[in-house]
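*Asks:* Quick one: the structure is below, questions incoming.
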Amino acid sequence: MKALVAISTSLLLFGTVALSQTAAADTAEATCEVRKDGEAKAGQSGSCTFSQRQGYVDISLRNGDSWSLAPGDQANQYRDQKGNKVVRTVEGQDQVYKWPNRKITVRFGGNSATNSSGGGGDLQDMVNGRWVGAEVEEELARRGYKSVREEAAGGYVTSVYKGHGKCVIVNLDTDKKVTSIDEGSGC
């Protein structure tokens, strides 16, 4: 009987914690380059807003064009608002979204997060660096950042940290290595 009460209490507590967490989007300013098949140069390029929450992705250009992507059946596969298949690849700090007739490259490098502890360096040394998994959180804590929340989708993890008066968004690949660190909002 005691075991049944303990299990029931644990499940109730877990359910309460899970329901109390809000689904917030992580948003970052980036540079987007849109190319249609056969184009030698980018059609539309410039500042854009990239938003990610619970596996869903929104890309909005300054001219008003936008794409809303819902997670597909496999990692890095999405469907846009018209039902078209989209595949995401990561190339360095860039995320590339490919449709059958277009690709959008989202570049985060221009808005890099800075580190005010010590010599004024930035967090970009952690991208493709030696820190993996839990080591990333430990290193960010050492540099004065505290974890706010974490979301996982298809083996990829997006974590939000707060420190030095700003939010940073840390993206990890399926090997739990850092693929990008950018300033964002939502802390």
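The values are calculated or read from the model by the stated rules, or taken from the named source; none is laboratory data. Small disclaimer: the values here were computed from a predicted structure and weren't measured. Using ideal geometry, Cβ is built from the backbone for each residue, glycine included, and neighbour counts are taken over all protein chains shown.
*Asks:* Report, by residue number, each residue of the stretch 154-172 that is in a loop (DSSP other than H, G, I, E, B) and either modelled with pLDDT of 90 or more or over 23 Å from P71 (Cβ atoms) (or both).
*Replies:* In the first step, residues of the stretch 154-172 are kept if they are in a loop (DSSP other than H, G, I, E, B); the result is 154-155, 164-165.
Residues satisfying the conditions are H164, G165.
*Asks:* Could you tell me whether A152 is under 15 Å from S51 (Cα atoms) and surrounded by fewer than 21 Cβ atoms within 10 Å (Cβ to Cβ)? First the steps, then the outcome.
*Replies:* Values: under 15 Å from S51 (Cα atoms): yes; surrounded by fewer than 21 Cβ atoms within 10 Å (Cβ to Cβ): yes.
Yes: the conditions hold for A152.
*Asks:* Looking at the stretch 44-57, which of its residues are within 11 Å of the chain's Cα centre (by Cα) and not hydroxyl-bearing (S, T, Y)?
*Replies:* Taking the stretch 44-57 and keeping what is within 11 Å of the chain's Cα centre (by Cα), we get 50-57.
Scanning the stretch 44-57 gives F50, Q52, R53, Q54, G55, V57.
*Asks:* Say we look at the stretch 96-105 and pick out the residues that are assigned to a strand (DSSP E or B) and touching a residue at least 24 places away in the same chain (Cβ under 8 Å); which of these is surrounded by the fewest Cβ atoms within 10 Å (Cβ to Cβ)? Before you say what the answer is, go through the steps one by one.
*Replies:* Within the stretch 96-105, the subset assigned to a strand (DSSP E or B) is 96-98, 102-105.
Pick out the ones that are also touching a residue at least 24 places away in the same chain (Cβ under 8 Å) and you get 97, 102-105.
On the way: Y97: 22, R102: 16, K103: 19, I104: 23, T105: 19.
If we take residues in the stretch 96-105 being assigned to a strand (DSSP E or B) and touching a residue at least 24 places away in the same chain (Cβ under 8 Å), then R102 is surrounded by the fewest Cβ atoms within 10 Å (Cβ to Cβ).
*Asks:* Hey, another quick one. Name the residue that is nearest to N76 (Cα to Cα), counting only residues in the stretch 168-187 that are of a type in the set (A, V, I, L, M, F, W, C) and crowded, with 21+ Cβ neighbours inside 10 Å. Please lay out each step first, then the result.
*Replies:* Within the stretch 168-187, the subset of a type in the set (A, V, I, L, M, F, W, C) is 168-170, 172, 178, 181, 187.
This time we only want the ones that are crowded, with 21+ Cβ neighbours inside 10 Å, so: 168-170, 172, 178, 181.
Numbers: V168: 22, I169: 18, V170: 17, L172: 13, V178: 16, I181: 19 Å.
My answer is L172.
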